1. Can you tell me which residue among Ala77, Ala61, Ala143, Ala87 is more than 19 Å from the chain's Cα centre (by Cα), closer than 28 Å to Ile160 by Cα and either of a type in the set (A, V, I, L, M, F, W, C) or at pLDDT below 95 (or both)?
2. Residues in the range 408-452 that are in a loop (DSSP other than H, G, I, E, B), at pLDDT 95 or above and either closer than 20 Å to Ala333 by Cα or small (Gly, Ala, Ser) (or both): how many?
3. Of all residues being touching a strand residue (DSSP E or B) at 6+ places or on another chain (Cβ under 8 Å) and in a loop (DSSP other than H, G, I, E, B) in the range 152-166, which is surrounded by the fewest Cβ atoms within 10 Å (Cβ to Cβ)? Just the residue, please.
4. Are there any pairs with C-beta distances below 7 angstrom linking a residue in the range 202-225 that is in the same structural domain as Asp173 (by TED's automatic domain parsing) and of a type in the set (Ser, Thr, Tyr) to a residue that is surrounded by fewer than 17 Cβ atoms within 10 Å (Cβ to Cβ) and in a loop (DSSP other than H, G, I, E, B), with the two at least 6 apart or on different chains, and if so which?
5. Taking only the range 300-348 into account, find how many residues are touching a Phe, Trp or Tyr at 6+ places or on another chain (Cβ under 7 Å) and free of Cβ contacts under 8 Å to residues at least 60 places away in the same chain.
6. Return the residues of the range 167-208 that are among the charged types (D, E, K, R) and either buried (at least 19 other Cβ atoms within 10 Å of the Cβ) or under 15 Å from the mean Cα position of the chain (by Cα) (or both); say none if nothing qualifies.
7. Restricting the search to the range 234-273, which residues are touching a Pro at 6+ places or on another chain (Cβ under 8 Å), surrounded by fewer than 16 Cβ atoms within 10 Å (Cβ to Cβ) and among the small types (Gly, Ala, Ser)?
8. Mind checking whether some residue in the range 233-247 is under 22 Å from the mean Cα position of the chain (by Cα), part of a loop (DSSP other than H, G, I, E, B) and either assigned by TED's automatic domain parsing to the domain that holds Asp173 or at positive phi (or both)?
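The values are calculated or read from the model by the stated rules, or taken from the named source; none is laboratory data. The shown structure was predicted, so the numbers you read here are calculated from the model rather than taken from an experiment. All Cβ positions, glycine included, derive from the backbone under ideal geometry; neighbour counts span all protein chains shown.
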Amino acid sequence: MSQAHQKIHIIAIGGAVMSSLAVALKNKGMTVSGSDDKIYDPAASLLNTNELLPSEMGWNADNIDNSLDAIIVGMHAKSDNPELLKAQELGIRIWSYPEFIRAQADDKQRIVITGSHGKTTITGCIIHVLNYWGKDFDYVIGAKIEGIKETIKLSNAPVIIIEGDEYFTSPLDPEPKFLKYDHHIALISGTSWDHINVYPTEESYLTQFEKLADRTPKAGTLIYCSEDKHANKIASKERDDVKPVPYKTPKYKVNDAQFVINGDTPVKLFGKHNMQNMEGARLILDRIGITDEQFYEAISSFEGAYKRNNLLAQNAKTSVYTDFAHAPSKLAATASALKELYPKRKLVACYELHTFSSLNKDFLGNYKGAFNAPEEAIVYFDNGLIEEKKYASISEEDIKKSFNRKDIKVFTDSSELETYLLDMNWQEKNLIFMSSGTFGGLDLASMAASIIQ
């Protein structure tokens with residue numbers, strides 16, 4: 001596909017990835033327009049700064065005409081979207097975002113990072129190290145990281161690093177995004193069942209990773225975490241001329257609330273799972289010319305991805321963090337990491353049930369044992385969201401039984417949760433908020449500032 005003088009319209013331009021793609025295409029010289037029914041920050045500000053924010057919210061078939069060279073459709077759109085239907089009627093080329101990325105990467109070495117957890121951090125590690133050493137590469141990542149302006153870069157670079165999502169490709173294509181990239185090298189970090197709304201059984205979820213492994217080409221490489229039993233089984237299966245490369249958590253130590261790897265390399269990330277993530281990144285980088293010496297020099301300054309283990313505020317006795325954790329494996333890893341970082345402090349952990357899976361009563365049993373690390377465990381959820389999704393109601397007893405923790409505290413009113421936390425004595429205690437949502441709109445930064453005072 002020619003990269004010059006293209007006129008592209010993006011349906012559902014307001015998503016984190018889609019808005020970044022819009023900017024990347026404009027920077028390549030393409031004429032870009034877009035639409036969405038709702039756009040929030042930071043996407044709204046990004047689009048506005050780049051003069052790509054739609055003048056009106058909503059879908060309008062009049063946005064689509066034969067002057068367009070192509071349509072790119074995001075997952076937020078539905079199959080009956082009026083703009084999508086008009087594009088089909090006119091016979092305009094319709095791309096999903098992963099298919100479009102693949103079309104821009106014909107002549108590149110394609111490296112895809114996948115897994116139910118850790119893929120953003122692993123991809124971020126790789127991007128940081130390559131930037132540190134001034135390498136020429138393209139990338140697609142699902143979150144902001146320090147040192148890069150956008151989450152997508154498309155150029156004439158010889159290699160592209162892609163965070164590969166297992167969610168559906170588009171409203172028209174139920175195949176996982178990560179199967180669209182035709183990888184040369186793939187990494188599977190973990191396979192904890194997620195996205196129950198599209199993968200109703202664990203087997204249907206794991207099958208997608210099996211497909212990914214099977215599509216590794218001859219002379220390709222499949223890197224996988226051997227400490228994940230399903231990833232180990234899938235990736236270690238013999239495949240013709242495919243090199244399986246296992247990795248596991250490297251040796252590390254914790255000195256004065258800082259994790260240290262490779263004997264004497266201090267790092268800003270913390271937790272066993274992040275040490276494991278860095279090891280996966282190291283193996284990827286080894287295959288594209290980064291030596292171990294170069295890796296350890298660069299990785300010590302990596303601050304992590306946006307919304308992953310972010311420190312909001314701290315004093316000598318208390319630290320307050322946020323994390324994007326939104327699945328059982330992520331919840332367990334993040335809470336355990338903070339306990340490992342500050343073993344002498346009590347941990348208060350607040351988790352919001354927010355995703356389709358976590359709000360589904362049938363899925364809740366997967367949280368058994370996932371919230372054992374904190375001394376005080378708190379679960380918040382919005383009953384209105386459950387009603388909106390038309391799910392069965394969830395009771396406090398359901399939560400306690402599912403998490404297998406009778407002392408868990410349950411809140412459905414965000415203001416009550418805020419009052420409870422602000423009234424607590426925070427001496428020698430840490431607090432972490434974990435969610436892909438907003439805890440009912442709470443100003444977490446303001447709360448953190450009040451707590452440490």
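1. None of the other options fit; the residue is Ala77.
2. So the answer is 1.
3. The qualifying residue surrounded by the fewest Cβ atoms within 10 Å (Cβ to Cβ) is Pro158.
4. Once the first residue is in the same structural domain as Asp173 (by TED's automatic domain parsing) and of a type in the set (Ser, Thr, Tyr) and sits in the range 202-225, its partners that are surrounded by fewer than 17 Cβ atoms within 10 Å (Cβ to Cβ) and in a loop (DSSP other than H, G, I, E, B) give Thr221/Arg287.
5. Total meeting the criteria: 3.
6. Passing the criteria: Lys177, Lys180, Asp194.
7. Matches in the range 234-273: Ser236 only.
8. Checking the range 233-247: not a single residue is under 22 Å from the mean Cα position of the chain (by Cα), part of a loop (DSSP other than H, G, I, E, B) and either assigned by TED's automatic domain parsing to the domain that holds Asp173 or at positive phi (or both).
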